[in-house]
Each structure stands twice: as structure tokens, then as C-alpha cells.
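*Asks:* Let me give you the structure first, and then I'll get to my questions.
The values are calculated or read from the model by the stated rules, or taken from the named source; none is laboratory data. Computed from a predicted structure; not experimentally measured. Cβ: placed from backbone, ideal geometry, glycine included. Neighbour counts: every protein chain shown. Each accessible area value is taken on the protein alone, full model and side chains, heavy atoms only, with ligands, DNA and RNA left out. Shrake-Rupley method; radii C 1.70, N 1.55, O 1.52, S 1.80 Å.
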Amino acid sequence: METKKRVLSGMQASGRLHLGNLLGALTKWKELQDGYECFYFIADWHALSTCYEDTHEIKGNTFEIAVDWLSVGIDPEKSTIFIQSLVPEHAILHLLLSMITPIPWLERNPTYKEKQMEIKDRDLTTYGFLGYPVLQTADIVLYKANCVPVGIDQLPHLELTREIVRRFNYIYRRGVFVEPDAILSETPKLPGTDGRKMSKSYNNAIYLSDPPEEIEKKVRSMLTDPQRVRRTDPGDPEVCPVFALHKIYSPTPSHISEISDQCRRAKIGCVDCKMILVRNLIKEIRPIYERRCELRSNPEGIYEILIEGSKKARRIAIATLKEATEAMGMG
Ligand code: TRP
Ligand code: SF4
């Protein structure tokens, strides 16, 4: 039997998932399940790097993310789904890798600087925050993953992983670890309700866990073309975030051009236009929402999947860690 290549990816346990996550990462993850041996994990320790002072949501988020994944079709029969902190080898390898990682490599990581600029209300001058990509490296190389599906923002982290792998294999003269390649998920621009990029930190996101009423409320409150003040004013759909969502969620291209045309000729009001979007969005999310409700009614079942997945992941992690410590002459 031809062995499948390995895919690994993770998400931080820092919030429930929204439509942007579905379009960006999850659809890709789901697709990969058929051609690769996939490992998907919830990075609860990574969530500590920014939320160490306020940890009360991490456990709940871990559960909700697992429900989100399962409800969109990440399938435990095909993929290994696990929790980082249930595989303590991630922490051990993180320690070992930290010994060979030069600090300047971490300091020049662009996300390190950007996040520090962005998040002003917390002290991010910690050792753990600087070492975030080292832990991420441990996550990846423990499974000798060949491919890591990520968004473009994660490319610097992946490059660091490759550098750390090369350094380890060079110093200890054994090719224990595999240099992973990125599988870049196209990130279509998905605006949130205020027109900025959909993101939980902007408070503008539509969640997979939002009930239909909530979706309606959020869409009704969406920003439109600000120049279109009266119903009789023609609008410019290209500047309207509602239209950006129509482009993604309309059933056919002709529906999209019809809305564009009607908006430009003031033939449709924004409220009606939004209600068309609400119907299309609900059609898309309702099955996920219903599946979520069903899954949540059996929390033991969810935990069982996570515990089983973590056991399976752990067996591989233990074997790789053994190889690594042996290469270091400490096995
Ligand atoms: N840093 C990733 C993010 O914020 C999450 C992550 C942690 C990850 N470990 C990983 C992604 C390993 C891919 C592989 O999205
Ligand atoms: Fe936007 Fe639709 Fe209003 Fe045009 S009609 S401005 S596309 S909400």
C-alpha cells in the first residue's frame, strides 16, 4: 500500500469559529482528509501565550472548536483529532528545541512584533510568547508532517520550523525531523458586519454557532454603501460588505449580477437585499448549526473522540521523541 503523506494543522483555542475560518481553513482541511493522513489539533497551550492571565475560556473554547470541526465534516474516522495538552511530548520537544533555537531568529519573526503592537492591553514580553514558533515547530515535527495547511500569516512560522529542523538534523547528524511544506489556503476576503476583515477580535463575525435569528440580526445591522442614504439613491455594490457576502453565498453568478444591477439602479432596497443574503446564509449554515446542536447534546461523545485521537497522536509523538533524544545522545 502506498503510504499517504502526512498533513498536520492546528488552531489556537482562543474562540469559536466563524465564517472566515470555514472559508479559509476548514474547507481545505476537509478536502485534504481524502488524500492525506491528517492530524488536526486544538492548540490550548498556544492560547496561553496571549491569554495566560485570563484562562477561564480556554477549556470551553477547546470543546466548542471540536464541535465546530466535527459539524463541518472533519471526520474522526478519517483524521486524528486531538488536544495539544493531552500529548505532553509537545512540551518536552519544545524544551529540547528551545536549546538550539537562536533568540534572534525568534525576535525577527514578524508576527512577534505585529502582535505586540496590536495587543496593547496585555504584557506580551514573556518567554513563552517569544517561543510561540518553537512550540509550533514541536507540534509539526513530532508527527513528521510533510504538509501544513495554513493561512499566509503563518508562513514566517513555517519558515522558522524549517530552519529549526535543518539546525537539529545538522547538529545531531541524523535526519530525524522532516522539513514541512505549507499548503497555502486561499483566503478570500470575507468582510465582517462592519466591513473590516471578519475577525473575532473586531467583534464583527458571524459564527458557525450563531442561530438563524442571530444571523438575521447581524446581517440587518451590517454596514452598506455609505453613499446610499435614501432608497432612491443608486448604490455601489463594490464598496458594500453585504454585496461582498452575496458574491460568496449566492447560489449562482446570475443572482450576483442581478443584485449588483438592481443596487446600481436603485431597484432594490438595502433591507430587502440583506434579507436575500440572510436566506442564502442560513441555507448554508443551518445544516452545520443543526449538526452542532446534535453533537453538543452528547458532550461525552465529543470528549471520547478527543481522548481517542490524543492517544493515537501520543503513540506517534512518543516514538519521534525517542528518536530525537537518541540522536542527541540522551536516549
Ligand atoms: N499558530 C497557528 C495559528 O495561530 C496555530 C498553530 C499552532 C498551528 N500550532 C500549529 C498551525 C501547528 C499549524 C501547525 O493559526
Ligand atoms: Fe449593499 Fe445591497 Fe444596499 Fe446595494 S442594495 S448598498 S449591495 S445592501
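*Asks:* Per-residue HN-Hα couplings for the range 27-37, Karplus 6.51 cos²θ - 1.76 cosθ + 1.60 at θ = phi - 60°, whole Hz, x for Gly and Pro?
*Replies:* Along the range 27-37, the couplings run 4, 5, 4, 5, 4, 5, 4, 7, x, 10, 8 Hz.
*Asks:* Tell me which residues come under 5 Å, amide H to amide H, from K197 once H is placed; ignore anything under 5 positions away on its chain.
*Replies:* The answer is G192.
*Asks:* Kindly report, to the nearest 10 Å², the accessible surface of S297 as traced by a 1.4 Å probe over protein heavy atoms only.
*Replies:* Its accessible surface works out to 90 Å², give or take rounding.
*Asks:* Using Cα centres only, tell me the gap between the range 231-283 and the range 1-54 in whole Å.
*Replies:* If you average the Cα positions of each part, the centres end up 32 Å apart.
*Asks:* If I compute solvent accessible area with a 1.4 Å probe over the protein chains, what percent of it on the chain is carbon and sulfur? Present the calculation step by step, with values, prior to reporting the outcome.
*Replies:* Details: 8990 of 16890 Å².
Of all accessible area on the chain, carbon and sulfur atoms account for 53 percent.
*Asks:* Taking each pair of distinct Cα atoms in the range 210-293 once, what is the resulting Kirkwood hydrodynamic radius in Å?
*Replies:* Details: mean 1/r = 0.0760 Å⁻¹.
Answer for the range 210-293: a Kirkwood hydrodynamic radius of 13.2 Å.
*Asks:* Separate question: Can you give me the solvent accessible area of S14 with a 1.4 Å probe, rounded to the nearest 10 Å²?
*Replies:* 40 Å²
*Asks:* Sticking with this structure for a sec: Exactly which trypsin sites (Lys or Arg not before Pro) in the range 252-331 are in a DSSP loop and have at most 10 other Cβ atoms within 10 Å?
*Replies:* Details: sites: R264, R265, K267, K274, R279, K283, R291, R292, R296, K311, K312, R314, R315, K322; in loops: R265, K267.
Qualifying residues, ordered by number: R265.
*Asks:* Same structure, new question: Could you sort out which of K59/K197; K28/K144; K197/K311 sit more than 28 Å apart by Cα distance in this structure? Don't jump to the answer; show the numbers that get you there.
*Replies:* Working: K59/K197 26 Å; K28/K144 20 Å; K197/K311 37 Å.
Distance filter (> 28 Å) returns K197/K311.
*Asks:* Still on this structure, please answer the following. At 1.4 Å probe radius, can you tell me the per residue accessible area of the range 1-101 in Å²? Walk me through the numbers before you get to the answer.
*Replies:* Values: 4200 Å² over 101 residues.
Result: 42 Å² per residue.
*Asks:* Now a separate question. Determine the per residue accessible area of the range 219-319 with all protein chains present and a 1.4 angstrom probe, expressed in square angstrom.
*Replies:* Details: 5940 Å² over 101 residues.
Here the residues of the range 219-319 average 59 Å² of exposed surface.
*Asks:* Which of the helices in the chain, when you take each full DSSP H run, stretch at least 30 Å along the axis at their Cα atoms and have an average Kyte-Doolittle score of -1.0 or higher?
*Replies:* Numbers: long enough: 270-296 (36 Å, -0.13); 299-327 (41 Å, -0.17).
Membrane-span-like by this rule: 270-296, 299-327.
*Asks:* Quick one: how many Å² of D225 are accessible to a 1.4 Å probe, rounded to 10?
*Replies:* Counting only protein heavy atoms, D225 exposes about 10 Å² to solvent.
*Asks:* Looking at the chain as a GNM with Cα springs under 10 Å, which of P237, P133, P149 has the largest mean-square fluctuation?
*Replies:* Answer for the Gaussian network model of the chain: P237.
*Asks:* Could you list, in their original order, any pairs among K30/K218; K217/K247; K115/K189 whose Cα atoms are separated by more than 23 Å? Present the calculation step by step, with values, prior to reporting the outcome.
*Replies:* Values: K30/K218 27 Å; K217/K247 20 Å; K115/K189 21 Å.
Beyond 23 Å between Cα atoms: K30/K218.
*Asks:* Which of these, I42, I268, I58, has the largest mean-square fluctuation under a Gaussian network model of the chain (Cα springs below 10 Å)?
*Replies:* I268
*Asks:* Next up: For I183, enumerate residues with amide H under 5 Å from its amide H, sequence gap 5+ or separate chain, H modeled in the peptide plane.
*Replies:* V148, V150
*Asks:* While we're here: Which aspartates and glutamates have a Cα less than 12 Å from the Cα of K5, not counting those fewer than 8 places away in the same chain?
*Replies:* Within the straight-line cut-off, K5 pairs with D34, E37, D181.
*Asks:* Related question: For the range 112-208, which GluC sites (Glu not before Pro) are in a loop by DSSP, counting at most 16 other Cβ atoms within 10 Å? The partial results should precede the final answer.
*Replies:* Values: sites: E114, E118, E159, E163, E186; in loops: E186.
Answer by residue number: E186.
*Asks:* Exactly which trypsin sites (Lys or Arg not before Pro) in the range 49-124 are in a DSSP loop and have at most 16 other Cβ atoms within 10 Å?
*Replies:* Sparse-neighbourhood loop trypsin sites (Lys or Arg not before Pro): K78, R108, K120, R122.
*Asks:* Take the alpha carbon atoms of the range 179-221, find their center, do the same for the range 301-330, and report the distance between the two centers in whole angstrom.
*Replies:* 33 Å
*Asks:* A follow-up question, please. Quick check: residue separation of D34 and E304 times 0.36 nm, minus the Cα distance between them. What number comes out in nm?
*Replies:* Values: separation 270, 0.36 × 270 = 97.20 nm, distance 2.28 nm.
Net length gain for the segment: 94.9 nm.
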